[in-house]
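Input: a single structure, listed below in structure tokens.
Please treat every number below as a calculation from the coordinates, not as lab data. In this text the structure is predicted, and so the values were computed from the model without any measurement. So basically every Cβ, Gly included, is an ideal-geometry build from the backbone, and we count neighbours across all protein chains shown.
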Amino acid sequence: MTSDPPSGALPSVDLPLAGGCHCGALRYEVTAAPLDSGYCHCRICQRLSGAPAMVWASVRLGAFRYTKGRPRIYRSSDWGRREFCGDCGSQLAFRTAGPSATLDINLPTLDVPERLAPRRHTWVTSRLSWFRTADDLPEHPDDGPLSL
């Protein structure tokens, strides 16, 4: 999904943020404001989600923890792995395989996903021609800049 995001946090959001999988076997908590958010239109996200895009938010590793259960891991590429529920299959997080200070959570897995909104589109070169969103967010052919 993303490499390390910009250094400034998103506009204020009430913390902590909580989320989890569909069946409730995995729960997580985020204790600091996300640093970035967006739509990922890459083919890997499309195929893994069965949707035209995934919506993510980058959070610092130290601000994220599982409060219930342990995720299963799927290495989706040489540079990334997905964390998902082994019972219901919900994908909750993405981590880069190498050193990184952040991970991406899937925004719709938040208990109240309306608390955050995407700020940009990434990997638009893979966007499906029939999928458009009604926004004027910045679009990037790849991960985009490391600071917005």
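Mind counting the residues in region 85-135 that are part of a loop (DSSP other than H, G, I, E, B), farther than 16 Å from residue 29 by Cβ and among the charged types (D, E, K, R)?
6
Consider region 107-142. How many of its residues are within 26 Å of residue 71 (Cα to Cα), of a type outside the set (A, V, I, L, M) and out of contact with any Pro (no Cβ under 9 Å at 6 or more places or on another chain)?
7
If we keep just the residues of region 111-141 that are more than 12 Å from residue 55 (Cα to Cα) and among the basic types (Lys, Arg), which is farthest from the chain's Cα centre (by Cα)?
Out of the qualifying residues, it is 132.
In this structure, is residue 24 surrounded by 15 or more Cβ atoms within 10 Å (Cβ to Cβ) and outside any helix (DSSP H, G or I)?
No, not satisfied.
State the number of residues belonging to region 34-53 that are in a helix (DSSP H, G or I) and surrounded by fewer than 23 Cβ atoms within 10 Å (Cβ to Cβ).
The first filter runs over region 34-53 and keeps only residues in a helix (DSSP H, G or I), leaving 43-49.
Filter once more, so that each one left must be surrounded by fewer than 23 Cβ atoms within 10 Å (Cβ to Cβ): 43-44, 46-49.
Looking only at that region, the number is 6.
If I filter region 55-76 for residues that are over 22 Å from residue 18 (Cβ atoms) and of a type in the set (A, V, I, L, M), do I get at least one hit? Show your work before the answer.
From region 55-76, those over 22 Å from residue 18 (Cβ atoms) are 74-76; that's our starting set.
Imposing the further condition that a residue be of a type in the set (A, V, I, L, M) reduces the set to none.
The answer is no; no qualifying residue exists.
Considering only residues that are farther than 19 Å from residue 43 by Cβ and of a type in the set (S, T, N, Q), look in region 89-123 and name the one that is surrounded by the fewest Cβ atoms within 10 Å (Cβ to Cβ).
100
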